[in-house]
Amino acid sequence: MQHETPNTAPGAAPTSATAALEAHDIHKSLPLGRERIDILKGINLRIEHGEFVAIVGPSGSGKSTLLGIIAGLDNPTSGQVLVDGVDITHMSEAKLANVRNQKIGMVFQAFNLIPTLTAQENVEIPLYVGQHRGSPSARSTELLTLVGLAHRLGNRPTQLSGGEQQRVAVARALATNPAIVIMDEPTGNLDQKNSENVLQMIRDLRAATGTTFVIATHDPNVARAADRSIRIVDGLVANS
Ligand SMILES: Nc1ncnc2c1ncn2[C@@H]1O[C@H](COP(=O)(O)OP(=O)(O)O)[C@@H](O)[C@H]1O
Ligand SMILES: [Mg+2]
């Protein structure tokens, strides 16, 4: 008999209801010259619905690589990622794009807003990509109001401060009401006041929407605000 454990084991305890996110033995290696470097060396984690989890660890430890994989933007060399119970690692590109659009919101460190579009148009993009109910303009107005930017709907990114751009990126990540929002160093480019604003916004959004947040951070204030931290050191979880 094989020792593979199915994810929906018939004997599974009732407490093992579907997690927001599960990673099973994630490995990532990349070619470097004639060698391969192992960036992730067997990451396991489970994050429940509604949790706010900080991913911490030294620079170069593999946090961004891990976030890219759990967001479905990058493939692991081996291992499995389940988002809301759905295995995204063995999925067609079209189906994966749909899961990303419906279930996952991503905030990149560099914001990645589209410079020619207004704040409101940037937030509406994911709503035009997939099938979503309701009016995109009503939804984008609602979200930009939630992040305190009701007065900036028509501004382009260059007309916004770093903190405001970051809040637009958060509003865009929330537009489709995803099960999980993944952020890579969301306060890394912000001064202390704007960092505190973004953090307060995450708290408020969580209270209002119950969204799951997974946030890679160097910022002790963000890590303290989380329910728990997962420490990555040299491609492995150092606590669990
Ligand atoms: N595309 C790549 N090619 C080669 N090495 C990479 C690539 N991306 C990341 N790395 C290496 O993988 C390690 C982990 O990087 P990263 O996930 O960005 O760490 P962190 O976000 O924790 O700072 C680093 O040593 C980095 O140099
Ligand atoms: Mg990083």
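The values are calculated or read from the model by the stated rules, or taken from the named source; none is laboratory data. This one's a predicted model, so the numbers in the text were calculated from it and none came from an experiment. Methodologically, a virtual Cβ is constructed for each residue, glycine included, from the backbone with ideal geometry; neighbour enumeration extends over all protein chains shown.
Miscellaneous remarks
- Summed over the stretch 205-240, the residues that are within 17 Å of the chain's Cα centre (by Cα) and not polar (S, T, N, Q) give a count of 18.
- Candidate set from the stretch 55-88 (those that are closer than 17 Å to Ala173 by Cβ, under 12 Å from the mean Cα position of the chain (by Cα) and buried (at least 19 other Cβ atoms within 10 Å of the Cβ)); member that is nearest to ligand 2 (Cβ to nearest atom): Leu67
- Any hit, the stretch 61-68, residues being modelled with pLDDT of 95 or more and of a type in the set (A, V, I, L, M): yes
- When Gly11, Gly50 are screened for being away from ligand 1 (no atom under 14 Å from the Cβ), at pLDDT below 95, under 20 Å from the mean Cα position of the chain (by Cα) and not in a strand (DSSP E or B), only Gly50 passes.
- Restricting attention to the stretch 223-240 and to residues that are touching a helix residue (DSSP H, G or I) at 6+ places or on another chain (Cβ under 6 Å) and not hydroxyl-bearing (Ser, Thr, Tyr), the residue that is modelled with the lowest pLDDT turns out to be Ala225.
- Where helices (runs of 4 or more DSSP H) fall entirely within the stretch 116-188, those with at least 2 residues that are free of Cβ contacts under 8 Å to residues at least 24 places away in the same chain and more than 21 Å from the chain's Cα centre (by Cα) are at 136-146.
A quick yes/no check of all residues on (1) small (Gly, Ala, Ser); (2) touching a helix residue (DSSP H, G or I) at 6+ places or on another chain (Cβ under 8 Å); (3) surrounded by 20 or more Cβ atoms within 10 Å (Cβ to Cβ); (4) closer than 22 Å to Ile70 by Cβ:
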site	(1), (2), (3), (4)
Val107	no, yes, yes, yes
Glu124	no, yes, yes, no
Tyr128	no, yes, no, no
Arg133	no, no, no, no
Arg139	no, yes, yes, no
Leu143	no, yes, yes, no
Leu146	no, yes, no, no
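- Test result for Thr217, within 13 Å of Gly105 (Cα to Cα) and polar (S, T, N, Q): no
- Count - residues of the stretch 202-219 that are of a type outside the set (Asp, Glu) and either at pLDDT 90 or above or within 16 Å of ligand 1 (Cβ to nearest atom) (or both): 8
- Checked against (1) away from ligand 1 (no atom under 16 Å from the Cβ); (2) on the phi < 0 side of the Ramachandran plot; (3) in a loop (DSSP other than H, G, I, E, B); (4) of a type outside the set (Asp, Glu), Leu73 passes all but a single condition, namely (1).
- Answer from Val86, Val81 - the residue that is modelled with pLDDT of 95 or more and away from ligand 1 (no atom under 13 Å from the Cβ): Val81
- Pick from the stretch 22-39, criterion in contact with a helix residue (DSSP H, G or I) (Cβ under 7 Å, 6 or more places away or on another chain) and within 30 Å of Arg203 (Cα to Cα), ranking: nearest to ligand 1 (Cβ to nearest atom): Ile26
- Residues of the stretch 173-201 satisfying the condition of being within 16 Å of ligand 1 (Cβ to nearest atom) and surrounded by fewer than 20 Cβ atoms within 10 Å (Cβ to Cβ): Gly188, Asn189
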